[in-house]
Amino acid sequence: MTTTAPVTTAPAIAAPRLLAASWIIARRSISSWRQQLGAMATGWLFPIFVTLLFLGLFGGALDVPGDSTYVDFLIPGMFAVTMLFGLESTTLSAAADATRGLNDRLRSYPINGAAIVLGRATADLISSLISLTLMAAFALAMGWRPVVGVAGAILALMLLLALRFALLWIGIFVGYGARSVESVAYIQIVTWPIAFLSSVFVNPATMPDWLGTLAELNPISATATALRDLLGATSWPTQSFAGDQAVAMAAFWPLLLTAVYLPLAARRFRKGGK
Amino acid sequence: MTRAIEAEQVGKLYAGKGGEVGLHDLSLQAEQGQVLALLGPNGAGKTTAVRGLATLLSFDRGTARVAGYDLGREAQRVRERIGLVGQYAAVDEQLTAVQNLRFLGRLRGLGRAASAARAEVLIEQFGLIAAANRAVSGYSGGMRRRLDLAASLIVTPQVLFVDEPTTGLDPAARRDLWEALRELVRQGTTILLTTQYLEEADELADKIVLLARGKVVAEGTSDDLKAMVGPPIVQIRFAAADDADTALPALARVDARARLDSSGSMVILPATAPEALARSVDALTVAGLAAIEVTLRKPTLDEVFLTLTGDGPATEEAA
């Protein structure tokens, strides 16, 4: 083994500041995508598979409100569902970092601990943008024709990213409290009923009253309805206040979820687990 | 020069079944370049002690200084000077060794070129050249630990915390890791090591602190601890259990405490008197019995442990 200079009490090298450290940590996740391109691509394309399934399998059988085409109706909702599906990768990667000791190593570094969480958040938002871009390209190829201006498109993107941002904290909160990566794999199963119990696929008016109200209250419905409004598609006639105020609800839900889960995730991070 | 580690009655307690668990008042001192071992079974509080001293959790009592800085008030100064080798390979499994080391180097403040150069040096030093560009997820346990140790040395730490480094490693990998730790000590790094393996503490540590149920049971050098539990032991091994049975009465006349060990083919007796070994051999000759092996040895740390804690290794979960 080679020898290096003896240890001295020389001044330590300055560690990167918050934003630089966050970006280094985000880049580490992005490098890891290249190593697992198959898994990542499956994740990115998954919402497209689901859309194909609905267009092909149920497209002819499902009622669509107003004079929208089925594609024009479905796609805005699928954007919202794409954000929801991102919850799984956030939770599993957060659990891997927490249970395999990487968080401990980084927490013992002379960096601002917030960088570890911000790095995760940045990488996941970039991953979601990739998924959204692929989804939009696919939708356009399938005949999706949104009626939208620049401002409307930007607002729609902001609402989607706000939802993804809010879901990040839930994923980080759950992931950082995990005993093992496997123990939080249930998150995959949980996302499905949340996606379906919404106004994305089925008219809440056709559900039992209480279920319909629940579906309209679902944050995914709020974002889906707001996106339809912004992208020139028609939504179902609404049943409740939540359905009437879709754009406001699409802004409110992410704010509320972030206000609740960001502090919880931060607390769990500082404690190094549950 | 200030001490590398100086802890005064630090502790952290959690509510657990049957009362509080965790770490009671622990005081430690380690000089620069020493290896201090915290030895104890699961649930002894070893990991709590290391996580506290490595700034991963805050003690709820006591004060400590690591590398000359106060843990509570100067945690970032401490973090600039410590390294941590945990119970896992604390790296990104999806990345290669090179990617991991470069990433961690950048995070420790090395520039792009410097972190690449440092990664190269460490990969060579820890014998990972062949696997350098493969994802860590395909590494063996020994390779992971070597990479983990390499990752802790990107900036050479003044104090290195090593939490159960060889759990689950095969003997060859364990020897490699020990050698790497010794090399670090030669360069002046102070090591605080936790282990359940008495042999490991015996091999590496200048000073051993024996912990059980969150409390210090004993401390000193390995020889000090062994001296605490009494005299050396004469150990006489026979070819068969029958021979040992026959020899026992004769050996009991040398020392009434002579007894069969658990294997049944060995008699052990304490060598309180200096002539115990010679008298045992005489007794065998008189009785016309042949032993395969006669040894005079110090008690093992296992025996020390049993004597000092009054019970076997506890089975509670690690805190």
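Pair-distance distribution P(r) for the stretch B:231-298, from all Cα-Cα distances in 10 Å bins starting at 0: 25, 63, 12 percent. Sort out the exposed loop GluC sites (Glu not before Pro) in chain B (DSSP loop, at most 13 other Cβ within 10 Å) and tell me the longest stretch that has none. That would be B:1-274.
With each label modelled as a point 7 angstrom along the Cα→C-beta vector, the residue B:257-residue B:121 pair spans 5.3 nm. Projected over all directions and averaged, the alpha-carbon convex hull of the protein assembly as shown occupies 34.9 nm².
Rounded to the nearest 0.05, what FRET efficiency is calculated for residue A:206 and residue B:42 with R0 set to 45 Å and r the Cβ-Cβ distance? Please report the intermediate quantities before stating the final value.
Working: r = 56 Å, r/R0 = 1.25.
Calculated value: 0.20.
For chain A, the membrane-span-like helix rule (DSSP H, alpha carbon extent of at least 20 Å along the helix axis, mean Kyte-Doolittle at least 1.0) picks out A:37-53, A:70-99, A:114-141, A:150-176; this says nothing about an actual membrane. Taking the centroid of alpha carbons for each part, the stretch B:1-71 and the stretch B:233-280 are 42 Å apart. Summarising the overall dimensions of chain B from its C-alpha atoms, the Rg and Dmax are 23.5, 77 angstrom. Peptide B:98-110 shows a mean partner chain C-beta count of 6 within 10 Å per residue C-beta. Residues in the stretch A:251-274, backbone N under 20 Å from the label point at residue B:14 (7 Å along the Cα-to-beta-carbon vector): list them, ranges by number please. In the stretch A:251-274, the label zone of residue B:14 (backbone N under 20 Å from the point 7 Å along Cα→Cβ) covers A:264-274. Against the main long axis of the alpha-carbon atoms of chain B, helix B:112-125 sits at an angle near 20°. Modelled label positions at residue A:194 and residue A:145, each set 7 Å beyond Cα in the direction of Cβ, lie 3.5 nm from each other. DSSP beta bridges fully contained in chain B are about 65 percent antiparallel. For chain A, the alpha carbon positions stretch 77, 37, 36 Å along the principal axes, listed from largest to smallest. Among A:125, A:159, A:37, the largest mean-square fluctuation in a Gaussian network model of chain A (Cα springs under 10 Å) belongs to A:37. In terms of its C-alpha gyration tensor, the stretch B:1-111 comes out oblate, because a/c is 1.5 or above while a/b does not outweigh b/c. Go through A:254, A:39, A:19 and say which Cα lies farthest out towards the positive end of the charge dipole of chain A; charges sit on Cβ, +1 for Lys and Arg, -1 for Asp and Glu. The one lying farthest along the dipole's positive direction is A:19. Within the same chain, lysines fewer than 8 places from residue A:274 are excluded, and of the rest, those with a Cα less than 24 Å from its Cα are B:12, B:17, B:46. With Cα atoms defining each centre, the stretch A:88-148 and the stretch A:161-206 are spaced 14 Å apart in the structure. Would you list, by chain and number, the lysines whose Cα falls below 21 Å from the Cα of residue B:298, excluding same-chain residues fewer than 8 positions away? Here the lysines satisfying the reach criterion relative to residue B:298 are B:207, B:226. For chain B, the longest principal axis of the alpha carbon atoms and the long axis of helix B:171-186 meet at an angle near 60°. The packing ranking, built from the mean of other Cβ atoms within 10 Å per residue, places the peptides A:16-27, A:218-229 in the order A:218-229, A:16-27, highest first. Shown here for the stretch A:101-196: trypsin sites (Lys or Arg not before Pro) in loop regions (DSSP other than H, G, I, E, B) with at most 14 other Cβ atoms within 10 Å, namely A:179.
When both bridge partners sit in the protein assembly as shown, DSSP labels roughly 65% of those beta bridges antiparallel. Principal-axis analysis of the Cα atoms of chain B puts helix B:276-287 at an angle of about 40° to the longest axis.
Readers should treat all values here as calculations from the given coordinates under stated rules, not as data from a laboratory. Here the structure is a predicted model, which means the values were calculated and not measured. Counting neighbours? That spans all protein chains shown, and the Cβs are built from the backbone with ideal geometry, glycine included.
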